[in-house]
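Structure, as C-alpha cells:
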Amino acid sequence: MAFNIKALPKKNYIMPGNAACPGCPENIGLKFVSMALGEKATLVVPAGCTSVIQGLWPRQGTSMPVLNIVFAAAASAASGLSRALRIRGKDDIVVVWAGDGGTADIGLQALSGAAERGEDFIYICVDNEAYMNTGIQRSSLTPHGAWTTTTHRGNPGRKKPLPQIVAAHRVPYVATASIGYPWDFISKLKKAASIKGFKYIHLHAPCPVGWRFDPGLTVKIAQLAVETGAWILYEHENGKLKLNPPSNKLVDPSKRKPLEEYIKLQGRFRHLTDRDLEELKKEIEENWREITAILRAQGDL
Amino acid sequence: MRLSSRKPRKSLLPGDTALADSSPSRKDELVVEPGDHFYPLSIAAPGSMGRTGSWRIQRPVVDAEKCIGCYLCWLYCPDNTIIMREKAGPRGQDVASIDYEYCKGCGICANVCPVNAIEMVDESKFISQS
Amino acid sequence: MALEAEEKTRVRRGTIVPMRGNEAVAYAVKLSRARVVAAYPITPQTIIVEKIDELISKGEMDAEMIHVESEHSALAATYGAAVGGVRAFTATSSHGLMYMYEVLWWVAGSRVPVVMAVVTRAIGAPWNIHVEHSDILSTRDTGWLVAMAENNQEALDLTVMMFRVTEDPRVYLPGIVGLDGFILSHTVEPVEVPDQELVDEFLPPRRQPYTIESGAPIAMGNIIPDEAFEEHRMDMHESMREARRVIEEAGREYGKLTGRDYSGLVECYKCSDADYLFVGIGSWMGDAKIAVDALREKGLRFGALRLRWIRPFPWDELREYGLEKKAVIVLDRSISFGYAGPVFLEVSSALEAKPSMVGVLAGVGGVDVNYEDIVKIAEHVVSLVEEKGRVYVPALWYHLGEFYPMKPGPLPTRKTPRHVNKLLEELWSKKS
Ligand SMILES: Cc1ncc(C[n+]2csc(CCOP(=O)(O)OP(=O)(O)O)c2C)c(N)n1
Ligand code: SF4
Ligand code: SF4
Ligand code: SF4
C-alpha cells in the first residue's frame, strides 16, 4: 500500500510551541493520530507527559479536543464519553492516549474492564518504557537491564507483554506500531477507526530524555528497534495475527540488524552487562518464537 | 489574556466561541450554556509554552539547493515547525523552511533528510553575527 | 409527616408506593431521565443499581448501564458520559466512595454536573456495613454539593432536585444525595412517586457549560498557572454559595408541584421557640423530632434543626435558629479522631460557639440510637448546663447508655470501654 506523504493535508496537526521536550516521541505520535483521524478524534489523556505537553492554560498544544483525566481512569472516562457521544448520535472517534504507566500499571484495571465490555474507542498506549513525567522511574514496560531513576543497577524485571494481554480479551483489533513508521501507524489508526468496539494500539515511542540519547535520533532509534527485531510490528484482527512490514521480513533472524546497534545509542543501556544483554536477547527471541508459533498454527508460515 | 483579574471571567474562557459554535447543530436534548464561570478549558493555539525557539541550542538550516521537497522532515518534525513552501525551490521544487519562533532545535529533521539538506548550526553563531 | 400536613392543599400528581430508600433513588434517576448509569456494587448501595438495571431491562427506563470494574471507574465513566453531554448518575457507599476520592475532585474542578447517591456506611478496618457518616462527610471539601435525606421520600425528591440544581448555570457543580445505610436504604416506607410529566415540568433538558467532542479543539484540565488556579477555586467557592439561592428556588418550585416544599436548606422542627436545640444530619433527626415532643411533655423546650444540605452550608439558618439558644446539642455519627464530630465543628464555627454547645458522638458503626437515647442525651446536657452555666464540650461520646467525655484538649484520664478479646489474650500469654 503506497503511502503518499504529499497527499496528507497540511493543516496544523500539533501546535508549535507546546511543552514537549525537543525530539519528543509523544508529540510525533500525537501528530500522526491527528493526521490519521482528522477532525473526528477526541482524546482522553490520563496523567503523563502528554498532560504537560499540552502546555499552559489558556492554550493547549494539540489540535484535538482533549479530556484530561486522573491517572487510572483513562479507559473508564473514555467509556462514558464514547457512550454519551453515541447516544447523542455523534460519530467522534474517542481515543485514549496513555503512557506505559497509565496503561500497563495503574490504568490496567480500567483498560481490562473497558476491553471486556467492548467499549467503542481506540486505546493507544504510547510506550516510552518508563514513567517519564515524574522523572524516568521504572514501569512494568521498562525492558530488562534498562537504567531508570528507580533501577540504578538496571531493571531486574522484563517487559510485560501488554498487547498479548489485551488481545487475550478477544477484542476485535490489537496492533503494535512505532513512531518511526508513520505509514504503518496511520493505516492502523484508520483501520481501527473503521472497526466498532475496543481497539488497542501499542505505540513504541523512544524518549530522548529517559533513554539518554540525542533528541535528533528519536526517529532513528524507533526504526532501529524494529530493524533489530526488538520491537515487532504486527496486528491482531479478529483473532488473526499478521506481521507488518518491515517486521514481516525479520522472521528470519539473519535479516535483523544486530541488537547492539540499537542498544549502543542509548545511555540507559550503557552499563548493560553481558549477562543482561543475553537476557534481553533471549526475551526478544521468545517474543519472536511466540509470534512464529502463532503464524505457523494459522498456516501463515 | 489576563490571568490575575477576578472580573472578566467570561473572557477567561477561551473556548467560549468554539462552544457556542458547536451547539446549534445538535439534534439532541442537550443545551450547552456557558454560564458565568471560570472553566479550566484551553483552546488549541501555538505557543502554549511560549516561544520555544529560545530553547534551541542548534538551529536547523535548510539548503534550498539541496532540498528535493520530499516532505520527510515535515512528516517527522515533532513540533510542526517545518513549513513546506510549494514550488519555491530554485528548481521549482517544494522546499522546506523552518519556523524559528517555535523550532526547538531537536535535529530530527536533519537526521531524516535523505539528501542532508539540513545542517544543524550552533545558535551562538547567529548571536555573534547579529 | 410533611406529606400529611400538606395533603389538603395540593393536587396530587403521583402514586404512593411502599419502597425502600434505594428504590426511591432509582425511581428518581429514572424520572430524571438519566441516560448513562455506571456503578459498582457495595452494600448497602447495591439495590439502587439493581433496580436501575431492572428498570432498563424492562424497557421502563431509556438509559445505558456501564458495568464497570471498580468505583474509581464508576465515577470516571459517569463523568465521561456527563462531559459527553448526557445526564449521568452513579451511586456508592463507604469504601467505594473512598476509592473514588481523587475522581470526586476532578469532576468538581471541571464544573461538569454529575449526580451521585451515597448510601452512608462505616469505613473499615474492621469491616462493618452499617450506618455512619464518615464516608459522606469526607466529601465535604471536594466541591460537590452534599445533601442528606431524612426519609425515603426525601431521598427521591432530593435526587430529582439535585439534577436541577447541579445543572443550573449559576451552579455547575456536581452533587451528592446521602441516605442512611439500612435505616433508609433497606427499609420500606410509603413514597409518593411523582408523575413523569411533573418531573419533566420541574427538570429542564440537560444543561452544561461545555462538552468535549469533535468540532472544538478545547482541552479540559491541562496545566494552569497558579494565579488562575486560585481564581478557579474562588469561582467554585462563589458558585457553591450561589447554589443556596438556586436550591431555595428549586425547592419552592418543587413544593408547588408536589406539595413538598424543599426551599429550606434546613428543616426546622419546633426550633423557633425552643430553649435547646438538636442539630444533625440524616435519618436519626426523625428520632430527634420524636425526642423533642417527649422532652416538651417533660417541660423542656427542645427543638430540632436538621441540616438537609451540608454543602452549601446553611450558615444563615443555623445562626438564625441557633445563636440565641441556651444550648445546642450537635449529634454526630462520625468522629474526627482526637477532636470532635465533623458536624459539631461546622456548627460550632457558624454559631461562633456563642450558645452553650455540646457535641455528642453516638451511633457510630450502626450502633442503634433511638428517640429514648436522644431524650437521655438531652437530659444529660440540660443537667450539665444547669450545673455549670455555659458549657462548651466538643466531644461527649454516648455509648450504650453511658457518657464518655472525650474533650480534645486534656490528656485522657478516663478509659474508654474496651471489648476484651479473650482468645487473643490467651494466644499472647502463650507466646510470652
Ligand atoms: C494516582 C496518581 N499517582 C501518581 C501520579 C503521578 N504521576 C503523574 S504522571 C506519572 C507517570 C506517567 O508515566 P507514563 O504513564 O508512563 O506516561 P509518560 O509520562 O511516560 O508519558 C505519575 C507517576 C498521579 N498523577 N496520580
Ligand atoms: S520526557 Fe520524553 S516523552 Fe516526556 S515530554 Fe520529554 S521527550 Fe516527550
Ligand atoms: S530541529 Fe526539530 S523542531 Fe526544529 S524543525 Fe527540525 S525537527 Fe522540527
Ligand atoms: S527532508 Fe530534506 S529533502 Fe526532504 S523536504 Fe526536508 S529538507 Fe527537503
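Bear in mind that the values in this text are calculations on the coordinates, not laboratory data. What you see is a predicted model; the values in this text were computed from it and never measured. Quick reminder, even Gly has a Cβ in these numbers, built from the backbone with ideal geometry, and neighbours come from all protein chains shown.
Comparing C:224, C:246, C:257 along the charge dipole axis of region C:213-350, the residue lying farthest to the positive side is C:257, per the Cβ-charge model.
For residue C:357, the residues 5 or more places off, or on other chains, whose built amide H falls under 5 Å of its own are C:328, C:391, C:392, C:393.
Spacing of the modelled spin labels on residue C:229 and residue A:255, each 7 Å from Cα toward Cβ, amounts to 5.2 nm. Within a straight-line Cα-Cα reach of under 29 Å, residue A:6 can be paired with the following lysines, leaving aside sequence neighbours fewer than 8 residues apart in one chain: A:31, A:40, A:188, A:190, A:191, A:199, A:220, A:242, A:249, B:66, B:87, B:104.
Per residue of peptide A:21-28, the mean number of Cβ atoms on other chains within 10 Å of the residue Cβ is 6. Computed from phi, the 3J(HN,Hα) profile of region C:81-86 under the Karplus parametrisation 6.51, -1.76, 1.60 (θ = phi - 60°) reads 5, 5, 4, x, x, 10 Hz, with x in place of Gly and Pro.
Grab the beta carbon distance between residue C:320 and residue C:425, set R0 = 56 Å, and tell me the FRET efficiency rounded to 0.05. Working from the Cβ atoms, E equals 0.55. Cα centroid separation, region A:129-200 to region A:17-61: 17 Å. Please say if region A:1-93 is rounded, prolate or oblate, where rounded means a/c under 1.5 for a ≥ b ≥ c the square roots of the C-alpha gyration tensor eigenvalues, and otherwise the choice is prolate for a/b larger than b/c and oblate otherwise? Oblate, since a/c reaches 1.5 and b/c is not below a/b.
Residues whose amide H falls under 5 Å from that of residue A:24, counting only those 5 or more places apart or on a different chain, are absent, with hydrogens built in the peptide plane. Between residue B:121 and B:59, B:61, the built amide H atoms are under 5 Å apart, and every one of these is 5 or more places off in sequence or on another chain.
FRET efficiency for the pair residue A:134 and residue C:372, taken as 1/(1 + (r/R0)^6) with r the Cβ-Cβ distance and R0 = 60 Å, rounds to 0.60.
Candidates C:65, C:335, C:94 compared by Cα position along the dipole of the protein assembly as shown: farthest toward the positive end lies C:65, with charges placed on Cβ.
Computed on chain A, with alpha-carbon pairs under 8 angstrom and 6+ residues apart, the relative contact order is 16 percent.
Each Lys and Arg contributes +1 and each Asp and Glu -1, all at the Cβ; summed about the Cα centre of region C:10-258, the dipole is approximately 460 debye.
With a cut-off of 14 Å, note down the residues of region A:227-270 whose backbone N falls inside the zone around a label point 7 Å from the Cα of residue A:212 toward its beta carbon. Backbone N within reach: A:263-270.
Put a dot 7 Å past the Cα of residue B:86, heading toward its Cβ, do the same for residue A:164, and the two dots end up 4.9 nm apart. A simple rule links phi to the HN-Hα coupling: the Karplus curve 6.51 cos²θ - 1.76 cosθ + 1.60 with θ = phi - 60°, which for region A:24-37 gives 6, x, 5, 4, 4, x, 4, 4, 5, 4, 5, 4, 6, 9 Hz, with x for Gly and Pro.
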